[in-house]
């Protein structure tokens, strides 16, 4: 057996995992702790890790402090879903073409896509602003969706292409011999088999869309009603004080729907659908 | 059903030429096997017939119609792949029905065709399962089922049994032969296994290095191999090839002196050789008997299979020799043994590897 470890190795593995997870999860934990405390206690010195005045008041108060909070959460999710959907529409045929078809400059194009990935959106904000102004898209949802899609397509193509390449070519040849067109084969054979890959790419794009919308929102959108949550959180920063506890509560609530979706999708990420396709 | 004619098919991948001017005429309802070592171009040739690969030059004619540039479906062929190429997300029923769904056949017609194919292949009670739930042999049958629902003119098989274990392979061989009789179809079958070729084929095409070495019935290939390659490829264990020189030539045959000095007068066509030429004498292991005078062999390894004893040894100056002797023959490893061979059972190949035709061997009716 390849995966048999000694006790010592297991302890080591868990120790490394614990350090890693602490690093990742501690901010969330601290967010949660901050959201439970009254504002004045957050600045208490010395810092108290545990106190007996925890309450969920911030979770009620935040809707009053920022009346549009629900709208911001909705916007965030709406923009991310739109970006993911549009990106997948472009990525699926493109990735399939890169995986299976032969055409001039195929590798060069892939290289360029990778190169585009090296630029963050921030570098291109000013040109993008001009483009969006010319198209009349500023201060609309599209101002946050279109650049999001553009920046996520290259990643999506690279991810999905490598997945599609793993699907046995003979399956497509069999369909071809039986008279199926490329599109029919894509729809009936390739995409059903690529479902785990599609979900992985979809999730990656969704996370990307969620993360990058802040930048596009504060640059390309002045309409309050269209702001996504990361931009909306700014409203917790008042003239006199910042209500940190409410901001943390709002951030956690905003992330919650996304986390729930991933809990459900997680089982698909590990599903091996190709079992029995080709004898190993 | 239809005839299949290949007319001067050549194929190059870049500068590498993998098929050289292959012309074959395959009869209606014939079971033809392409056999050869890996890399001989047999699979490429099959893929060209299927339309998955384009020939660099040459014509493919099925049922009298030139289909060289036609889509696979319009050629009237169907193909069974080495890996089965079943769709893992579809049930057995949907896998078999796939070509009919592509054709947009109406539901009743489709169902009757799928049920008929399933009945032929004994899959009726497996139709709702997924391919992953089937055994190797059953998956193979599903792949065949998918190929027969379309009623193609020509069936193509690309090493369909190579993924099965030995016992199952034997069973499937019999099933495929029966299927060929039931369907009365033209079938082209690619394999590297000469046993599959010998047992199933009406005629065998032996390919080597992208060229046809010989095209004939199994027994024709066995008794009258055209070249040294065919001779050593067909037959189990392989034919022994012993270096020899021509010691005399007359109308009745050739006198050869084998490595080690043993002389034999062999009744073969003698017009193309002369005194002193280097030749090779081919002797099949099953054509030798233990005797008092003849070839002296020192036995190295003995394999007792029960019915026969396969004896490996050397003759003359270290030429390896294999003999299939009776199961309980009194042989021991490390001992010497004298074997006799009937001259009419010997094959002679010239320096180019071409055969000198045997005059005494059974004539084969074409």
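Annotations
- Among residues of segment B:269-295 that are surrounded by fewer than 17 Cβ atoms within 10 Å (Cβ to Cβ), those with a Cβ under 6 angstrom from a residue that is part of a loop (DSSP other than H, G, I, E, B), sequence gap 6+ or separate chain, pair up as B:269/B:357; B:278/B:351.
- Just so you know, in segment B:154-167 the residues that are touching a strand residue (DSSP E or B) at 6+ places or on another chain (Cβ under 8 Å) and more than 14 Å from residue B:51 (Cα to Cα) include one that is nearest to the other protein chains (Cβ to nearest Cβ), and it is B:162.
- Here is the figure for segment A:177-189: residues that are at the interface with another protein chain (Cβ under 10 Å from one of its Cβ atoms) and in contact (Cβ under 8 Å) with a residue 12 or more places away in the chain total 3.
- The lone criterion from (1) surrounded by 16 or more Cβ atoms within 10 Å (Cβ to Cβ); (2) modelled with pLDDT under 90 left unmet by residue B:334 is number (1).
- The requirement of being within 14 Å of chain B (Cβ to nearest Cβ) and touching a helix residue (DSSP H, G or I) at 6+ places or on another chain (Cβ under 9 Å) is fulfilled nowhere in segment A:144-161; no residue meets it.
- Checked against (1) modelled with pLDDT under 85; (2) over 30 Å from residue A:131 (Cα atoms), residue A:248 meets all criteria but (1).
- Residues in segment B:53-73 that are facing chain A (nearest Cβ under 9 Å) and within 27 Å of residue B:16 (Cα to Cα): B:71, B:72.
- In segment A:78-101, the residues that are surrounded by 19 or more Cβ atoms within 10 Å (Cβ to Cβ) form Cβ pairs under 8 Å with partners that are part of a loop (DSSP other than H, G, I, E, B), at six or more places apart or across chains, as follows: A:79/A:228.
- Of the residues examined, residue B:150 is one that is at the interface with another protein chain (Cβ under 8 Å from one of its Cβ atoms), part of a loop (DSSP other than H, G, I, E, B) and more than 26 Å from residue B:38 (Cα to Cα).
- Criterion violated by residue B:104 - all others in (1) more than 9 Å from chain A (Cβ to nearest Cβ); (2) within 23 Å of residue A:173 (Cα to Cα); (3) surrounded by 14 or more Cβ atoms within 10 Å (Cβ to Cβ) satisfied: (3)
- Residues of segment B:117-139 that are assigned to a loop (DSSP other than H, G, I, E, B), within 14 Å of chain A (Cβ to nearest Cβ) and in contact with a helix residue (DSSP H, G or I) (Cβ under 6 Å, 6 or more places away or on another chain): B:129 alone.
- Here residue A:174 passes the criteria (1) under 23 Å from the mean Cα position of the chain (by Cα); (2) crowded, with 22+ Cβ neighbours inside 10 Å; (3) within 14 Å of chain B (Cβ to nearest Cβ) except the one numbered (1).
- Scanning segment B:99-116 for residues that are touching a residue at least 12 places away in the same chain (Cβ under 8 Å) and part of a loop (DSSP other than H, G, I, E, B) returns no hits.
- Some residue of segment B:74-90 being within 25 Å of residue B:28 (Cα to Cα) and either more than 14 Å from every other protein chain (Cβ to nearest Cβ) or more than 27 Å from the chain's Cα centre (by Cα) (or both): yes
- Within segment A:190-214, tally of residues that are within 12 Å of another protein chain (Cβ to nearest Cβ) and assigned to a helix (DSSP H, G or I): 6
- Boolean, residue A:217 is in contact (Cβ under 8 Å) with a residue 12 or more places away in the chain, surrounded by 20 or more Cβ atoms within 10 Å (Cβ to Cβ) and either at the interface with chain B (Cβ under 9 Å from one of its Cβ atoms) or within 25 Å of residue A:117 (Cβ to Cβ) (or both): yes
- Boolean, residue A:54 is closer than 27 Å to residue A:154 by Cα and out of contact with any strand residue (DSSP E or B) (no Cβ under 6 Å at 6 or more places or on another chain): no
- Candidates A:123, A:146 - the one that is outside any loop (DSSP other than H, G, I, E, B), under 19 Å from the mean Cα position of the chain (by Cα) and free of Cβ contacts under 8 Å to residues at least 40 places away in the same chain: A:146
The values are calculated or read from the model by the stated rules, or taken from the named source; none is laboratory data. All of these numbers come straight from a predicted model, not from anything done at the bench. Using ideal geometry, Cβ is built from the backbone for each residue, glycine included, and neighbour counts are taken over all protein chains shown.
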